[in-house]
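The values are calculated or read from the model by the stated rules, or taken from the named source; none is laboratory data. The structure displayed is predicted, hence computed values, not measured ones. Here the Cβ positions follow ideal geometry from the backbone for every residue, glycine too, while neighbour counts run over all protein chains shown. The protein model used for the area step is the full one, side chains on, heavy atoms only, and it has no ligands, DNA or RNA in it. Shrake-Rupley method; radii C 1.70, N 1.55, O 1.52, S 1.80 Å.
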Amino acid sequence: EADTALYRAKEAGRSAVHLYDEDLRNSALRRLELESHLRGAAGRGELSLVYQPIVTLDDGRPVGVEALCRWNSPVLGSVPPDRFIQVAEDSGLIDEIGDFVLAEATRQIARWQAGGLLPPRFAVTINVSPIMLRAGLAAQVRDAVELAGVPAERLAIELTERLLISPTTEVSDELGQLRAAGHTLMLDDFGTGYSSLSSLARLPVDVVKVDRGFVAAMGSDRRAEGVVQAVLRLAQTLGMVAVAEGVETGEQAQRLLDLGCDRAQGWFYGRPVPPAEIETLLRAHG
Ligand code: C2E
Ligand code: CA
Ligand code: CA
Ligand code: CA
């Protein structure tokens, strides 16, 4: 087959079609390679969590952190989550990763709590894949929280807007259970296009996160600013707290404050960092 392909390539020259085939084949191979190294990564200690502060916009006080997964592969080096989460979701490895994230985040809450470092209402947020939600997330979260011995209020859960494409009764039920247990539910990447107003109003979500794409475009693009404004107004109407993601400059922060946004997250306030650096931050504010 390779010979035929080579022959065809020689014959046709470096045609666009051939290049396309090759790209496709290479990317399929890369995904397979990634997948094979990702399998068992949690058990080998290759995964870790970094934490990024979420602050109030008016006074910059940290009100929580978002836990973000990192993979350091001995073979592939450090691989960003944008490259491995999708592969994990497609291959079923997301359960393994999700288990790790849940266990590690709850253990970290327990450590910070034992050190007396957590201000009242300070929460650690984890990202969960829609696949995990369908597989009985509420029970899994309950077990992890119990095992670590932390109050449910300390663990918040971010769901992607993709979930709202078709919010089944199962999904609503899982979310209802999580919320009843005391977890704050946050809708991630809000404004990126999938959710309808009615599904947002129906789901038991407490916080919406304005996608960083809109925040980035705000200064230069009137329409992006319009979207931010509309999302903030919608959040307010529905009684939800709004968090702006990807805030990189003081100007963005000021504009968001003027538009009535409650909270922010981004490099302007702090990059995702290992737990020890969050401890320093908490001590400085405690
Ligand atoms: P996300 O949930 O939207 O997370 C925010 C991303 O924006 C993070 O990228 C963060 O490092 C980055 N970020 C934060 N502030 C700024 C800023 O000011 N400027 C810019 N340019 N970027 C900023 P990261 O850590 O690479 O994660 C990428 C995505 O991977 C996440 O997007 C999330 O969808 C997914 N992900 C990460 N960790 C997990 C996890 O534990 N579980 C699941 N299911 N998904 C995860
Ligand atoms: Ca997130
Ligand atoms: Ca996001
Ligand atoms: Ca995102």
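Across the protein chains, with a 1.4 Å probe defining accessible surface, the residues ARG142, ARG283, ARG255 rank ARG283, ARG142, ARG255 from largest area downward.
Accessible area of THR192 (1.4 Å probe, protein heavy atoms only, ligands and nucleic acids ignored): about 70 Å². Across the stretch 239-257, the residues whose backbone nitrogen lies under 16 Å from the label position 7 Å along the beta-carbon direction of ARG271 are 246-249.
Can you compute the charge dipole magnitude of the stretch 44-201 about its Cα centre, using +1 on each Lys and Arg Cβ and -1 on each Asp and Glu Cβ, nothing else charged? Give it in debye, rounded to the nearest 20. Please report the intermediate quantities before stating the final value.
Details: 12 positive and 21 negative charges, 85 e Å.
Charge dipole, the stretch 44-201, about its Cα centre: 400 debye, nearest 20.
Under the simplified labelling scheme, the ARG121-ARG61 pair shows an inter-label distance of 0.8 nm, with each label point 7 Å from Cα along Cα→Cβ. Summed over qualifying helices (DSSP H, 4 residues or more, each -39500 (n - 2.57)) and divided by its residue number, the chain shows a 222 nm mean residue ellipticity of -15500 deg cm²/dmol. In the context of the full protein assembly, LEU29 retains an accessible surface of approximately 90 Å², using a probe radius of 1.4 Å and ignoring ligands and nucleic acids.
For the stretch 135-267, with all protein chains present and a 1.4 Å probe, just round the carbon and sulfur fraction of the accessible area to a whole percent. Spell out each step's value before the answer.
Details: 3100 of 6300 Å².
With neighbouring chains kept in place, the figure for the stretch 135-267 is 49 percent.
Label-to-label distance for ALA181 and ARG223 is 4.2 nm, based on points extended 7 Å past Cα in the beta-carbon direction.
Working from the Cα coordinates of the stretch 91-227, the gyration tensor eigenvalues give, after taking √(5λ), semi-axes of 27, 19, 14 Å in decreasing order. Antiparallel beta bridges, as assigned by DSSP with both residues in the chain, represent about 40 percent of the total such bridges. What would the Debye equation give as log₁₀ I(q)/I(0) for the stretch 80-152 at q = 0.11, 0.15, 0.25, 0.27 Å⁻¹, counting only Cα atoms as equal point scatterers? Results for the stretch 80-152 at q = 0.11, 0.15, 0.25, 0.27 Å⁻¹ read -0.31, -0.55, -1.13, -1.23. Along the Cα-to-C-beta direction of LEU238, a point sits 7 Å from the Cα; which residues of the stretch 126-149 have their amide N less than 20 Å from that point? It comes to 126-131, 133-134, nothing else. Compared with the dominant principal axis of the Cα atoms in the chain, helix 2-12 is inclined by about 80°.
What is the gain in length, in nm to one decimal, between ILE131 and ARG83 on full extension, counting 0.36 nm per residue of separation less the C-alpha to C-alpha distance?
Length gained between ILE131 and ARG83: 15.5 nm.
Rolling a 1.4 Å probe over the protein chains gives TRP267 an accessible area of about 130 Å². For ILE278, ILE131, the ranking by accessible surface with the largest value first comes to ILE131, ILE278, using a 1.4 Å probe.
Where only protein heavy atoms count, and the probe is 1.4 Å, what is the accessible area per residue for the chain in Å²? Kindly include the intermediate steps, with their values, before the conclusion.
On the way: 14900 Å² over 286 residues.
Using a 1.4 Å probe on heavy atoms only, each residue of the chain averages 52 Å².
Rg and Dmax over the alpha-carbon atoms of the chain stand at 21.2, 71 Å.
Please work out the C-alpha center-to-center distance from the stretch 17-60 to the stretch 212-278 and express it in whole Å. Using only Cα atoms to place each centre, the spacing works out to 25 Å.
Computed about the Cα centre, the dipole magnitude for the chain is approximately 380 debye when only Lys and Arg (+1) and Asp and Glu (-1) carry charge, each at its Cβ. Accessible area ranking (1.4 Å probe, heavy atoms, ligands and nucleic acids excluded), largest first, for ASP23, ASP221: ASP23, ASP221.
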